[in-house]
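Remarks on the structure that follows.
The values are calculated or read from the model by the stated rules, or taken from the named source; none is laboratory data. Remember, it's a predicted structure, so these values are computed and weren't measured experimentally. Cβ coordinates were reconstructed from backbone atoms using ideal geometry, including for glycine residues, and neighbour counts include every protein chain displayed. All accessible areas refer to the heavy atoms of the entire protein, side chains included, with ligands and DNA or RNA removed. Shrake-Rupley method; radii C 1.70, N 1.55, O 1.52, S 1.80 Å.
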Amino acid sequence: MKPFAPAEICKIREDFPILQRKVHGDRDLVYLDNAATSQKPLCVIEALNHYYRQTNANVHRGMHALAEEATADYEAARAKVANFLGATDPKGVIFTRGTTESINLVAQCWGQQLQAGDEILISVMEHHSNIVPWQLIAQRTGATVKAIPLTSSGELDLEAFETLLNPKTKMLSLTQISNALGTVNPVKEMIAKAKANGTTVLIDGAQSAPHLPINLSELGCDFYACSAHKMCGPTGIGALIASPELLNAMPPWQGGGEMIDQVTIESSTWADLPYKFEAGTPNIGDAIAWASAIDYIQTLGMARIEATVQEVVNDAASRLEQEPGVRLTAHPTERGGAVSFWLDEIHPHDVAQLVDQSGVAIRAGHVCCQPLMKHLGHPALNRASYHFYNTQEETTRLLEAIRIARKIFGVA
Ligand code: PLP
């Protein structure tokens, strides 16, 4: 698939009001922190505005025009998420606050059946939100958390994976794309191996849903978690996607309104899916605005988004690699939107602050991956993360800013 041409990207950038702003006085903003959160096109901002100006009402309860409209738009958003990710049944789409909440839901509800001796397999490159929820349920049940190690190029060690996968492995929970290294993991093959072993699989799609065409019917995982805010949608909304059979077999998560069928003082029965897992008033406006983000990226086309991001990030990786004093943290065969690096003799926090003075927003720190930092032998890294609206000229601005930082530190 052909990446967007520079003129097309220029046009796309006009849809994002924030990309027109300046920082630190007169510096054009270069936003390379998309793995943390992406920017929002005007249609998403307007969808949110329209919802609160015209539709705002609680869903599934009121018998008036606004409540009916809000319910129809909220349920249409659910159907849109299901369709976008190739899920077979919208009833299997649970709206959550995002990837973190989705993984916690699975760990707490599905994980209740775990027993002493059972194993939960993750990897060393996981985000804390795909580590800590498993530790919490492991502590309660006596299960053990194990991690697939990495190769020197920053990829999953697939031989070690096959050795670690054994009859005790009840859950494999993996990120499809590393937020820290940019590595795209071969999850389809790994899911097939895990399923053949009788293991349930969760895929953390926080970084893949924004960058890759996803077809859950083909991928074959049991659970998929993602966040709207990384895919041009609003913060505070995301989803857990699973088969209705699996969700029906799980106990509910939080109790309250919406998730019940009958309540007495002694006991309660549960609502049908997906409401069984959506206690309380949901985040209606953000779900509706997320649907608008999906319309936007679907119109651009996920295959073209993938090709565009790969082109710009691969160019950035090779130019950063050639830059004196810069070392890449990983050399994966396939990259998502992120490239991370270290500058010799300058702490990543200083690098981020100095390049920010040139208007370039990058990330510094452990990027919520402390076990990965331990593996790399560094407490922190710098990360430039791209989306389809980023350009090669912006990488040039990053490289110029890096040169200034090195001069200031007297290492150029
Ligand atoms: N997993 C990965 C790979 C991520 O990159 C992130 C966020 O950066 C998360 C999980 C958590 O996402 P959220 O904070 O939207 O819940």
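Which distance in Å, rounded to a whole number, links the C-alpha centroids of region 333-412 and region 256-316? Centre-to-centre distance over Cα atoms comes out at 31 Å. Helix 284-300 and the longest principal axis of the Cα set of the chain meet at an angle near 50°. In angstrom, the C-alpha Rg and Dmax of region 332-412 are 12.9, 35. In the context of the full protein assembly, Glu245 retains an accessible surface of approximately 130 Å², using a probe radius of 1.4 Å and ignoring ligands and nucleic acids. The H on the amide N of Leu181, modeled in the peptide plane, is under 5 Å from the matching H of no residue at least 5 residues off or on a different chain.
Relative contact order of region 45-298: what whole-number percent is it, with Cα pairs under 8 angstrom and at least 6 residues apart? It comes to 24 percent, rounded to a whole number.
Set against the 2.2 N^0.38 Å expectation for a compact globular protein, region 114-202 has a Cα radius of gyration ratio of 1.02. The angle separating the long axis of helix 302-322 from the principal Cα axis of greatest extent in the chain is about 40 degrees.
How would region 40-88 be classified by its alpha-carbon gyration tensor: rounded, prolate or oblate, with rounded meaning a/c under 1.5 and the a/b versus b/c comparison settling the rest? Judged from the Cα gyration tensor, region 40-88 comes out oblate (a/c at least 1.5, b/c at or above a/b).
Where both bridge residues fall in region 45-298, DSSP classifies roughly 45% of the beta bridges as antiparallel. By a 1.4 Å probe calculation restricted to protein chains, His24 has an accessible surface near 100 Å², given to the nearest 10. Counted over all Cα-Cα pairs of region 1-156, pairs farther apart than 23 Å make up 64 percent.
At a Förster distance of 25 Å, what's the computed FRET efficiency of Glu159 paired with Ala412, Cβ-Cβ distance as r, to 0.05?
The computed FRET efficiency comes out at 0.05.
Each principal axis of the Cα cloud of region 45-298 was evaluated for its coordinate range; sorted largest first, these ranges are 59, 47, 27 Å.
Averaged per residue, the chain has 42 square angstrom of accessible surface, using a 1.4 angstrom probe with ligands and nucleic acids left out. Expressed as a whole percent, the accessible surface of the chain that belongs to carbon and sulfur atoms is 52, based on a 1.4 Å probe. Mean-square fluctuations from a GNM of the chain, with a 10 angstrom spring cutoff on Cα atoms, peak among Lys146, Lys11, Lys188 at Lys11. Antiparallel versus total DSSP beta bridges in region 165-317: what percent is that, nearest 5? Here the share of antiparallel DSSP bridges comes out near 50 percent. The charge dipole of region 45-298, taken about its Cα centre with unit charges on the Cβ atoms of Lys, Arg (+1), Asp and Glu (-1) only, comes to about 280 debye.
How tilted is helix 392-408 with respect to the longest principal axis of the chain? Cα atoms for both, answer in degrees (0 to 90, nearest 10). That helix lies at roughly 60 degrees to the long axis. State log₁₀ I(q)/I(0) for region 234-287 at q = 0.23, 0.24, 0.27 Å⁻¹ as given by the Debye formula over alpha-carbon point scatterers of equal weight, solvent excluded. Relative scattering, expressed as log10 I(q)/I(0), comes to -0.94, -0.99, -1.13. Across region 336-346, computed HN-Hα scalar couplings (Karplus, 6.51 cos²θ - 1.76 cosθ + 1.60, θ = phi - 60°) run x, x, 10, 10, 10, 7, 10, 9, 4, 6, 10 Hz from first to last residue, x flagging Gly and Pro. The slack in the chain from Ile45 to Glu218, taken as 0.36 nm per residue of separation less the alpha-carbon distance, amounts to 59.0 nm.
Modelled label positions at Ala303 and Arg27, each set 7 Å beyond Cα in the direction of Cβ, lie 4.0 nm from each other.
Restricting the GluC sites (Glu not before Pro) of region 1-80 to loop positions (DSSP other than H, G, I, E, B) with no more than 13 neighbouring Cβ atoms within 10 Å leaves Glu14.
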